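Novice: One structure follows; several queries about it will come next.
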Ligand code: ATR
């Protein structure tokens, strides 16, 4: 059967992404044999390339795309409309070309995170949450945990004013929760009593494999859930520290599956085959 519906991944680079494996397996399982998910690496220079790529989705009759690093914020000006969530977060990880040929931006990162936590029996409502880092991922998670009615949110970042900016804008939108910010400093980590601690910084990625945002002199409580958005490597130095304290640890693989599942549902209108997608990513990281 010929391919009639194409979706893909806009990013730079895209060669290490396991989304193509996961999404093509999902499309096949759902019987969408005339659909295909392709990597679409877009060079960062010259700057207008990303605009051309986004508008090219419509020109070429694509159904949509995922967006990854470094373009989640950069694509926003070239879209016709944003979902409420994407507008609040200021970043897009999923684009759909709708029936009127409009480019609509969504953000499924936050809900992907919440659904993965739910898979592990953790509900955010009324909990106290600590986010390390204040980049695009931190903003998406901060918005989502507040939308899910967490009781208290503290954002700590090396560059403190970026954490304060996020806290300030979200405080007004979610007056029922306590939202605070501070520097990524030992005394703040020592005071931490959060139910859930999340690393959204780049420390622990293959480019910084030995580093952790957590001070090695500070223990976690056994009752805490410690989440690293990084999934490659599967166990970062941050998660090793949490394991030593016997805290519950989770990496970003489950979130990858759940954000992808939501994107799949937005493009196809069908329920995503979650278990197939999970097996595909677990197999891909083992290979
Ligand atoms: P993403 O979109 O994945 O969130 P990002 O916007 O580049 O990525 O954010 C990276 C985060 O990692 C930031 O919070 C950054 O801190 P700064 O705002 O101070 O730059 C954090 N980060 C990167 N390198 C770091 C380091 N060596 N120590 C502490 N935090 C670091």
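Bear in mind these aren't lab numbers, they're just calculated from the coordinates by the rules spelled out. Because the structure is a prediction, the values reported are computed rather than measured. Glycine also receives a Cβ, built like all others from the backbone with ideal geometry; neighbour counts cover every protein chain displayed.
Novice: Which numbered condition in (1) over 30 Å from residue 147 (Cβ atoms); (2) buried (at least 20 other Cβ atoms within 10 Å of the Cβ) is the only one that residue 28 fails?
Specialist: (2)
Novice: How many of the residues making up the range 128-155 are part of a helix (DSSP H, G or I) and either near the ligand (Cβ under 9 Å from one of its atoms) or closer than 20 Å to residue 71 by Cβ (or both)?
Specialist: Going through the range 128-155 one residue at a time, the tally reaches 7.
Novice: Looking at (1) more than 10 Å from the ligand (Cβ to nearest atom); (2) assigned to a helix (DSSP H, G or I); (3) surrounded by fewer than 18 Cβ atoms within 10 Å (Cβ to Cβ), find the lone condition where residue 170 falls short.
Specialist: Here residue 170 meets the rest and fails (3).
Novice: Return only the number of the condition from (1) in contact with a helix residue (DSSP H, G or I) (Cβ under 9 Å, 6 or more places away or on another chain); (2) within 16 Å of the ligand (Cβ to nearest atom); (3) without any contact (Cβ under 8 Å) to a residue 60 or more places away in the chain that residue 234 does not satisfy.
Specialist: (2)
Novice: Continuing with this model, one more query. When you scan the range 156-165, how many residues do you find that are more than 9 Å from the ligand (Cβ to nearest atom) and either within 16 Å of residue 192 (Cβ to Cβ) or touching a strand residue (DSSP E or B) at 6+ places or on another chain (Cβ under 6 Å) (or both)?
Specialist: 2
Novice: Just checking: which of the helices (runs of 4 or more DSSP H) contained wholly in the range 181-287 hold 1 or more residues that are surrounded by 15 or more Cβ atoms within 10 Å (Cβ to Cβ) and in contact with a strand residue (DSSP E or B) (Cβ under 7 Å, 6 or more places away or on another chain)?
Specialist: 186-190, 237-244, 253-268
Novice: Give the residue, chosen from 92, 124, that is part of a loop (DSSP other than H, G, I, E, B), away from the ligand (no atom under 16 Å from the Cβ) and buried (at least 16 other Cβ atoms within 10 Å of the Cβ).
Specialist: 124
Novice: Next question, about the same structure. For the range 217-231, how many residues are more than 16 Å from the ligand (Cβ to nearest atom), within 18 Å of residue 128 (Cα to Cα) and out of contact with any helix residue (DSSP H, G or I) (no Cβ under 6 Å at 6 or more places or on another chain)?
Specialist: 6
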